[in-house]
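The values are calculated or read from the model by the stated rules, or taken from the named source; none is laboratory data. Because the structure is predicted, anything quoted here is derived from the model rather than measured. Cβ: placed from backbone, ideal geometry, glycine included. Neighbour counts: every protein chain shown. For accessibility, only protein heavy atoms count, side chains too; no ligands or nucleic acids. Shrake-Rupley method; radii C 1.70, N 1.55, O 1.52, S 1.80 Å.
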Amino acid sequence: GQIDILAGMNSFRQGIDIPGRALSLVVVEKIPFDPPRPIIQARRARIDDLGFNSFMRYYLPRAVINLRQSMGRLQRTETDQGVVVLVADGFLDKSYRTEIERVLPGEGFRMVEAGDLAGALERHRSKSSDVPPNEFSLVVA
């Protein structure tokens, strides 16, 4: 079969629509935190000055939105399926893991351990009838 690869960075989180079998795997190379631009640093400093934790109140929620946008590239129609691979060293041990898991889009997303990557890919690639429409696997590698 034919293998097509579309590579992108931040620009592919929004505005790209590839429905159906044409897109079945999204690899997110790290948790998509905003880069430390001056405006971001100023906002975080202001939140800290007000006595709040800027990481939990600002930085992490924005990363969650960015991750959700990336994952949403797979979910374009009611019958789409696929695998999202999040390459995030140490993610399983991070205190904010539950916050990210809480916002996975839809009931069809399920966490899969890195050791199950091959199985998750095969499950979705096989077009098997046992994979319900709108089911997605989030593999943390």
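Please find, within the stretch 67-77, the residue that is surrounded by the most Cβ atoms within 10 Å (Cβ to Cβ) out of those that are part of a helix (DSSP H, G or I) and out of contact with any helix residue (DSSP H, G or I) (no Cβ under 8 Å at 6 or more places or on another chain). Here the residue is Met71.
Of all residues in the stretch 62-77, those being aliphatic (A, V, I, L, M) and in contact with a strand residue (DSSP E or B) (Cβ under 7 Å, 6 or more places away or on another chain) number 3.
The rows are residues; the columns are (1) among the small types (Gly, Ala, Ser); (2) modelled with pLDDT of 85 or more; (3) part of a loop (DSSP other than H, G, I, E, B); (4) in contact with a strand residue (DSSP E or B) (Cβ under 8 Å, 6 or more places away or on another chain).
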{"site": "Pro35", "(1), (2), (3), (4)": "no, yes, yes, no"}
{"site": "Gln41", "(1), (2), (3), (4)": "no, yes, no, no"}
{"site": "Arg44", "(1), (2), (3), (4)": "no, yes, no, no"}
{"site": "Gly51", "(1), (2), (3), (4)": "yes, yes, yes, no"}
{"site": "Arg57", "(1), (2), (3), (4)": "no, yes, no, no"}
{"site": "Leu60", "(1), (2), (3), (4)": "no, yes, no, no"}
{"site": "Thr79", "(1), (2), (3), (4)": "no, no, yes, no"}
{"site": "Glu101", "(1), (2), (3), (4)": "no, no, no, yes"}
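Only one of the numbered conditions (1) at pLDDT below 75; (2) surrounded by 14 or more Cβ atoms within 10 Å (Cβ to Cβ); (3) in a loop (DSSP other than H, G, I, E, B) is not met by Ser129, and that is (2). Cβ separations smaller than 6 Å between residues 6+ apart or across chains give the following pairs from the stretch 22-47 residues that are within 22 Å of Gln69 (Cα to Cα) and open to solvent by 30 Å² or more (accessible area, probe 1.4 Å) to residues that are part of a helix (DSSP H, G or I) and among the hydrophobic types (A, V, I, L, M, F, W, C): Phe33/Ala63.
Across the stretch 16-75, the number of residues qualifying as among the β-branched types (Val, Ile, Thr) and within 20 Å of Arg102 (Cα to Cα) comes to 6.
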